[in-house]
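Q: Following this message is one structure expressed as structure tokens.
Readers should treat all values here as calculations from the given coordinates under stated rules, not as data from a laboratory. Everything numeric in this text was worked out from a predicted model, so none of it was measured. A quick note on method: Cβ atoms are made from the backbone with ideal geometry, for glycine too, and the neighbour counts reach across all protein chains shown.
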Amino acid sequence: MPGYDVAVVFLSGRLAMCIKESSSNRSHSSTEESPAGGVGATPGVPVSVTITRPDDWHLHLRDGALLDGVIGGVARQFARAIVMPNLVPPVVSTALALDYRRRIHGAMRRADVDQTAFTPLMTLYLTDDTTADEIARARDSGLVYGVKLYPAGATTNSAAGVTNLMAHCVGALGAMQRLGMPLLVHGEVTDADIDVFDREAVFIERVMVPLRHRFPALKIVLEHVTTREGVDYVRDAPGPIAATITAHHLLYNRNALFRGGLRPHWYCLPILKRETHRQALLAAATGDSGRFFLGTDSAPHLKGAKERDCGCAGCYTSPHALALYATAFESAGRLDRLEAFACRNGPAFYGLPVNGGTLTLTRTACRVPPEMAVEGGSIVPLAAGESLPWSVAA
Ligand code: DOR
Ligand code: ZN
């Protein structure tokens, strides 16, 4: 993978005989390392990593044929996922969320995924008209775990999103604060006069700060944080706030969008940022704060919807998600932090148990296919045709 120009640095993929680390008493993860100085070894680089079964705290599963096409790859790695509600039409009520949940279970059946192997955690799509009663119904269902704020016009299928949060959503937000229902935020302003690379930082100033001043006990996840400003804010703010981080924002800076030509499969929203922001995200994901956790924002679109004039935003990463994250964590020399990020911090924030079971990654090359067939077309995954240094063991 020609990674240097986009800041992915791969170590040598050579394997050597390995020794098992003594089991750690501070983490359930374990690594197998190449012995320092061994013939063909890459000293200090583990040849396998075993973590508790992880969760994806931000995922687009889509519907219909796309859902059928992607569900197997998700369930192979993740025990649970927060499922985004930006369908057409959007999932604006508990009744629609429960219908969608049934369709996900149907897709699991068709893909031979055991019904207990994967749990979709449903969300509602916040609109100007969402009522406090709807929030109470969502909470009472026991199956809705968050409410997603899309500023109207911010991204894919956000036309029905919120036009003015404080003008229209105070009733719903109050109910969410009272009932402990998290608000999941797409943190970008949509004003045409704000530079696309500044939209997150401006959102924090203009929307997040006043929102948290008014609702200091509201649980908030700043989804797919992409900037140093976002990381600093989430790390240091008082009260219940956290952020998800995608694999693509950890691995790539904005140069990836233009590597040898225009690269639509690296186009997502929030858009990839400068290298200084990528460095801040990597430090946050691999650092001490428990406020950062895994959310792929894997967002599949058919190939033709990406490779055209006015192509859709979204990177399809779910089939190789753990390999991508492991690559990023290895680049920071912090594979030991992958388990907290992927398996522990998210459940702690949502008040859910940590999963049972484990997932093992081995440091063997995994080739990302050029495209993946689904009924009616194909999806091009991120890093298509390239080789990743990590694979999920069968
Ligand atoms: O790149 C993105 N794609 N960002 C989003 O916020 C939405 C997503 C999608 O649904 O395609
Ligand atoms: Zn998303």
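Q: If each residue of separation counts as 0.36 nm, what is the full-extension length gain between A348 and N164 once their alpha-carbon separation is subtracted? Working shown, then result.
A: On the way: separation 184, 0.36 × 184 = 66.24 nm, distance 3.07 nm.
Gain in length upon complete extension: 63.2 nm.
Q: Let me ask something else about it. Around G180, under 13 Å between beta carbons, what's the net of Lys plus Arg minus Asp minus Glu among the other residues?
A: Spelling it out: positives minus negatives among the neighbours equals +2.
Q: Counting other beta carbons within 10 Å of each Cβ, put D112, D56, D63 in order, fewest first. Working shown, then result.
A: Numbers: D112 9, D56 28, D63 14.
Least crowded to most crowded, the residues run D112, D63, D56.
Q: Peptides 346-354, 100-108: what's the order by average Cβ count within 10 Å, highest mean first?
A: 100-108, 346-354
Q: Okay, moving on. What residues qualify as long-range amide H neighbours of S378, i.e. H under 5 Å apart, gap of 5 or more or another chain, H built at 1.01 Å from N?
A: So S378 has HN proximity to K303, G304.
Q: Taking the Cα centroid of the range 356-370 and of the range 141-200, what is the distance between the two, rounded to the nearest whole Å?
A: 34 Å
Q: I'd like to compare 369-379, 326-336: which one has the highest average count of other Cβ atoms within 10 Å, and what's the full order after that? It would help to have the intermediate numbers written out before the result.
A: Numbers: 369-379: 14.5, 326-336: 21.2.
Top of the packing list down: 326-336, 369-379.
Q: Now, a different point. Taking 7 Å along the Cα-to-C-beta vector as the label spot, tell me the R103-T116 distance in nanometres, rounded to one decimal.
A: Going by the 7 Å Cα→Cβ label model, 2.8 nm.
Q: What ³J(HN,Hα) values, in whole Hz, does the Karplus curve 6.51 cos²θ - 1.76 cosθ + 1.60 give for the range 208-214 when θ = phi - 60°, with x put for Gly and Pro?
A: 5, 4, x, 4, 6, 5, 6
Q: Of all DSSP beta bridges in the chain, what percent run antiparallel (nearest 5)?
A: Values: 18 of 42 bridges.
If we restrict to bridges inside the chain, about 45 percent are antiparallel.
Q: Counting every Cα pair in the range 53-359, what percent are over 38 Å apart?
A: On the way: 2609 of 46971 pairs.
Tail of P(r) above 38 Å: 6 percent of Cα pairs.
Q: While we're looking at this one, here's another question. Arrange I271, I71 by Cβ neighbour counts within 10 Å, fewest through most, would you? All intermediate terms of the calculation are to be shown ahead of the outcome.
A: Values: I271 17, I71 25.
Least to most surrounded, the residues fall as I271, I71.
Q: Still on this structure, please answer the following. Can you put V196, V225 in order of Cβ neighbours within 10 angstrom, beginning with the fewest? Walk me through the numbers on the way to the answer.
A: Working: V196 11, V225 31.
Taking fewest neighbouring Cβ atoms as first place, the list is V196, V225.
Q: Also: Between K273 and residues 5 or more places away or on another chain, which pairs have amide H atoms under 5 Å apart, with H built 1.01 Å from N, and which residues are they?
A: R254
Q: Still on this model: Calculate the length of the line joining the C-alpha centroid of the range 77-99 to that of the range 262-323, in whole Å.
A: Cα centroid to Cα centroid, the span is 20 Å.
Q: Mind listing the phi-derived Karplus ³J(HN,Hα) values for the range 184-196, rounded to whole Hz, using 6.51, -1.76 and 1.60 with θ = phi - 60°, and x for any glycine or proline?
A: Running phi through 6.51 cos²θ - 1.76 cosθ + 1.60 with θ = phi - 60° gives 9, 10, 7, x, 9, 6, 10, 4, 4, 7, 9, 4, 4 Hz.
Q: Helix-only mean residue ellipticity at 222 nm, the chain, DSSP H runs n ≥ 4 weighted -39,500 (n - 2.57), per residue, nearest 500. What is it?
A: On the way: 13 runs with 110 residues, N = 394.
The helix contribution divided over the chain gives -7500 deg cm²/dmol.
Q: If r is the Cβ-Cβ distance from E205 to Q279 and R0 is 30 Å, what FRET efficiency results, to the nearest 0.05? Spell out each step's value before the answer.
A: Values: r = 22 Å, r/R0 = 0.73.
My answer for the efficiency is 0.85.
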